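Here is the structure we will look at, set down as structure tokens.
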Amino acid sequence: MAIDDKVRKTLAGLGVAETAGVEALFAEVRAAMQQERAALVSRGAADRADQERLCKELRDRWLARKNGLLSCLDENWLKASPRELKPAVGRSFNALRQDSAALEIAALAKDVPVRAEAAGDGNTSTGNPVPTTVSHVTREVPTDLTLPGNRRPLGSLHPVTQVQREIEEIFLNLGFRIESGPEIESVYYNFDALNIPESHPSRDDWDTLYIDSKTVLRTHTSPVQIRAMEKYGAPLYIIIPGKCYRRDNPDASHSPMFHQIEGLAIDSDITFADLKGTLDFFAKKLFGEKIRTRFQPSFFPFTEPSGEVAISCIFCGGEGCRVCKESGWIEVMGCGMVHPQVLRNGGIDPEKYTGWAFGLGIDRFAMMKYDINDIQLFFQSDVRFLKQF
Ligand SMILES: [Zn+2]
């Protein structure tokens with residue numbers, strides 16, 4: 001239905017009974033109004049008289065007291081609207097009326113170009129018997145190239161991506177390469193190949209999102225270790241960033257989807273000293289030269305021996321504060337020497353090669369780095385939060 005017909009019906013007649021409908025309807029009217037104006041502006045007028053006529057026509061069509069579209073709208077939509085819709089209709093109508101000022105003749109005349117102007121003054125009698133012809137010279141309005149362009153606001157990288165790239169950069173400079181793998185993973189790669197036995201609690205339905213009995217949403221990035229060993233063999237130096245999924249209820253420190261990055265180095269004669277040296281170097285690069293690292297024994301099925309890495313508190317420098325719970329240390333990642341069985345599962349001979357691996361949560365690193373206390377903020381797409389980075 002054309003706008004002209006719509007403004008001659010009541011809201012009830014148009015089947016509009018709620019605020020959202022009213023707003024949509026007014027948006028439609030506004031669009032029609034702006035489009036008609038834009039069409040006239042781009043078409044232009046042949047001469048002054050034509051311009052005057054066209055501007056008046058458009059003005060009257062919309063703003064004439066009698067039968068102008070806005071008058072009809074006033075009569076049929078605003079005055080006849082049911083009481084509960086009146087505030088919404090009134091609001092929209094007032095806004096539209098303000099916008100319609102652009103349809104006043106003076107405002108239109110400013111914008112509607114006169115394409116052709118009489119060249120010379122044809123009425124001046126020169127005594128010349130030859131009738132003067134009015135030549136219609138097309139005068140194009142030149143584009144003003146000095147006007148500023150339409151600037152679109154630029155976005156920025158997500159804080160998690162920023163931290164991920166910083167970590168990647170450090171390891172790329174050490175000669176590692178980035179490897180990735182599927183987020184929908186088989187139970188074999190996610191658990192079995194990594195030496196995680198059937199009885200391990202992490203295989204429980206409560207911790208893992210199963211697609212079917214043989215397929216999961218990967219709970220860590222470690223399956224890519226096996227895939228890469230199969231693909232490239234040894235020696236191997238890779239980091240594996242990516243999304244992981246666990247059956248966690250969202251709260252300030254948990255999210256069912258989160259980001260991990262892990263590193264894997266396999267070569268002949270790789271020892272725990274290489275692991276310590278590399279991670280100490282990494283921590284200093286990321287958090288500053290003053291950072292110290294601490295390794296404590298831990299357990300993971302896929303590494304032997306396993307360790308937990310802590311860094312000296314980046315907030316208090318090790319003095320003890322709220323964040324480090326007065327200990328001076330913050331645990332940041334797990335690590336260890338790759339279990340011989342895991343190497344074997346990846347097709348690498350543990351008699352010839354050894355390796356180390358580590359894994360950390362990128363979101364947690366980003367929280368630490370930017371002092372953010374709620375992981376949910378990363379995933380809510382709130383621009384007010386995101387544009388701080
Ligand atoms: Zn502290």
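Return the residue satisfying two criteria in turn: it lies in the range 282-328 and is of a type in the set (Val, Ile, Thr) and not in a loop (DSSP other than H, G, I, E, B), and of such residues it is farthest from the ligand (Cβ to nearest atom). Let's see the steps before the verdict.
Of the residues in the range 282-328, the ones of a type in the set (Val, Ile, Thr) are 291, 293, 303, 309, 311, 314, 323.
Now drop any that are not not in a loop (DSSP other than H, G, I, E, B), which leaves 293, 303, 309, 311.
Details: 293: 15, 303: 28, 309: 16, 311: 10 Å.
Going through the qualifying residues, I end up with 303.
Report, by residue number, each residue of the range 8-33 that is under 25 Å from residue 57 (Cα atoms) and without any contact (Cβ under 8 Å) to a residue 12 or more places away in the chain. Write out each step before concluding.
Narrowing the range 8-33 to residues under 25 Å from residue 57 (Cα atoms): 8-9, 25-33.
Listed by number, the residues that qualify are 27, 31.
Being modelled with pLDDT of 95 or more and either within 15 Å of the ligand (Cβ to nearest atom) or touching a strand residue (DSSP E or B) at 6+ places or on another chain (Cβ under 8 Å) (or both) narrows it down to one of 368, 337, so name that one. Spell out the reasoning first.
Details: 368 fails: modelled with pLDDT of 95 or more.
On inspection, the qualifying residue turns out to be 337.
Regarding the range 147-154, can at least one residue be identified that is exposed (fewer than 14 other Cβ atoms within 10 Å of the Cβ), modelled with pLDDT of 70 or more, hydrophobic (A, V, I, L, M, F, W, C) and closer than 30 Å to residue 260 by Cβ? Outline the logic, then answer.
Taking the range 147-154 as the starting set, the residues that turn out to be exposed (fewer than 14 other Cβ atoms within 10 Å of the Cβ) are 147-154.
Next cut, modelled with pLDDT of 70 or more only: 147-154.
Next, from what is left, pick out any that are hydrophobic (A, V, I, L, M, F, W, C): 147, 154.
Within this subset, residues satisfying the condition of being closer than 30 Å to residue 260 by Cβ are 154.
Yes, the conditions are met somewhere in the range 147-154.
Has the range 239-250 got at least one residue that is among the small types (Gly, Ala, Ser), surrounded by 14 or more Cβ atoms within 10 Å (Cβ to Cβ) and assigned to a loop (DSSP other than H, G, I, E, B)? I'd like the intermediate steps shown before the answer.
Narrowing the range 239-250 to residues among the small types (Gly, Ala, Ser): 242.
Those still in the list that are surrounded by 14 or more Cβ atoms within 10 Å (Cβ to Cβ) too: 242.
Add one more test, that the residue is assigned to a loop (DSSP other than H, G, I, E, B), and what stays is none.
So far as the range 239-250 goes, no, none of its residues is among the small types (Gly, Ala, Ser), surrounded by 14 or more Cβ atoms within 10 Å (Cβ to Cβ) and assigned to a loop (DSSP other than H, G, I, E, B).
Matching residues to (1) aliphatic (A, V, I, L, M); (2) more than 13 Å from residue 334 (Cβ to Cβ); (3) touching a strand residue (DSSP E or B) at 6+ places or on another chain (Cβ under 6 Å):
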site: 209; (1), (2), (3): yes, yes, yes
site: 224; (1), (2), (3): yes, yes, yes
site: 249; (1), (2), (3): no, yes, no
site: 283; (1), (2), (3): yes, yes, yes
site: 303; (1), (2), (3): no, no, yes
site: 313; (1), (2), (3): no, yes, yes
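Only residues in the range 299-322 that are basic (Lys, Arg) count as the first member; pair them with residues that are within 16 Å of the ligand (Cβ to nearest atom) and part of a loop (DSSP other than H, G, I, E, B), Cβ under 9 angstrom, at least 6 apart or cross-chain, and list the lot.
322/315; 322/316
Scan the helices (runs of 4 or more DSSP H) fully inside the range 135-238 and keep the ones with 1 or more residues being under 30 Å from residue 47 (Cβ atoms) and touching a Pro at 6+ places or on another chain (Cβ under 8 Å). Show your work before the answer.
Values: elements: 159-173, 187-190, 223-232.
Answer list for the range 135-238: none.
Please go through the range 44-55 and give me each residue that is touching a residue at least 24 places away in the same chain (Cβ under 8 Å) and part of a helix (DSSP H, G or I), ordered by number. Give the steps one after another, and end with the answer.
At the first step, the residues of the range 44-55 found to be touching a residue at least 24 places away in the same chain (Cβ under 8 Å) are 44-48, 50-52, 54-55.
Passing the criteria: 48, 50, 51, 52, 54, 55.
Please tell me if residue 261 is closer than 30 Å to residue 230 by Cβ and assigned to a loop (DSSP other than H, G, I, E, B).
Values: closer than 30 Å to residue 230 by Cβ: yes; assigned to a loop (DSSP other than H, G, I, E, B): no.
No.
Search the range 344-371 for residues being farther than 30 Å from residue 229 by Cα and touching a residue at least 60 places away in the same chain (Cβ under 8 Å), and hand back the single one that is surrounded by the most Cβ atoms within 10 Å (Cβ to Cβ). It would help to see each step written out before you state the result.
Filtering the range 344-371 down to residues farther than 30 Å from residue 229 by Cα leaves 367-371.
So of that shortlist, the ones also touching a residue at least 60 places away in the same chain (Cβ under 8 Å) come out as 369-370.
Values: 369: 15, 370: 13.
For the range 344-371, the residue satisfying everything is 369.
The values are calculated or read from the model by the stated rules, or taken from the named source; none is laboratory data. This is a predicted model, so every value here is computed, not measured. Positions of Cβ are backbone-derived with ideal geometry, glycine not excepted, and every protein chain shown enters the neighbour counts.
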